[in-house]
Amino acid sequence: MDNFKNFLLLLWGAFFVFIIFQIISHFRYLQKLKKLKSTPFPKNLKKYIENLPQYQKLNEKQKRILEYKIQKFLLEKNFIPVNINLNDEIKILIAFYACLPSIAYIDFCYPNLKNIYIYPHPVILKNLQNGYVVQEEEIIEGEATGENVIISWDEAKKEIHHPNFRNVIIHEFAHQLDAADGVIDGIPPIETSKYNEWVKIMFGEYKKFKQKTLKNRFLGKFSLIDKYAATNEAEFFAVMSEYYFMKPQILKKHFPDIYKELKNFYKIEFI
């Protein structure tokens, strides 16, 4: 009996030490965040973002917020290079475009995300089920799955320095935002009062686009949209998010209703 009591005391002691350790760790983490908010963004890192068109269109307050979010992102997330040399440019640019869509939500930093895997080239994935290939291999530029994001750096870098409609980093982190409410369905966490309008506009345009894509004719303005957006509602939201940040003028001109919904969600615009 005495041995059992001693074991219980030891167990409670270990639990108490663990709780104290967690409290101290959390306090230190909060102190780091507080310091980050008051610390100027390092000049040797700022050079990677200061000429980006999205950064230049931010006001000074927004720049400070984004710079804080980038440093928070770097503090919390693991960058895992796969057959590529990881450097500051890669980390800062990924962090910049990851944090940009959530700039209106200052302390939000993808709580479920742990790892960013960076590959030099597009990745070939095999879809497995119980150890068996259930469909053909797929070549991807990026992927967001739970606590992991995959980025093909060659593609990401090309899209950053030679911008068009696409940006794989924004795309994958739009999926992360979409998943913040527990499911990737093309509906990110939005106010309940705005839910019906979001579904009406976003899903309505998605259905029109999918039907025209299936018929493969009379696309009209929908010819501006990458056909990958017709995959499902989640991909449509992610692709439209890319367009919102990379080519907002074109999105607003041809799809003003989609532009309005994304503006209401992201609470920032670049026009």
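The values are calculated or read from the model by the stated rules, or taken from the named source; none is laboratory data. Since this is a predicted model, take the numbers as computed values, not measurements. When we count neighbours, we look across all protein chains shown, and the Cβ atoms used for this are built from the backbone with ideal geometry, even at glycine. Ligands, DNA and RNA are excluded from the accessible area calculation, which covers all protein heavy atoms including side chains. Shrake-Rupley method; radii C 1.70, N 1.55, O 1.52, S 1.80 Å.
List of remarks:
- Segment 171-271: radius of gyration and largest Cα-Cα distance (Dmax), Å: 12.8, 37
- Selection of trypsin sites (Lys or Arg not before Pro), segment 186-227, meeting DSSP coil and at most 16 other Cβ within 10 Å: ARG217
- Ligands, DNA and RNA are left out, and with a 1.4 angstrom probe the accessible area of segment 132-271 is 51 Å² per residue.
- Over segment 76-206, volume per residue of the alpha carbon convex hull, in Å³: 150 Å³
- Segment 182-227: chymotrypsin sites (Phe, Trp or Tyr not before Pro) in DSSP coil with no more than 13 other Cβ atoms inside 10 Å: PHE218
- Spatial extent of segment 161-206: Rg and Dmax, with the Cα atoms as the point set, Å: 12.7, 39
- Rounded percent of accessible protein surface that carbon and sulfur make up, segment 42-113, 1.4 Å probe: 47 percent
- Checking the Cα-Cα distances for LYS227/LYS267; LYS194/LYS247; LYS57/LYS260 against a 22 Å cut-off, the pairs over it are LYS227/LYS267; LYS194/LYS247.
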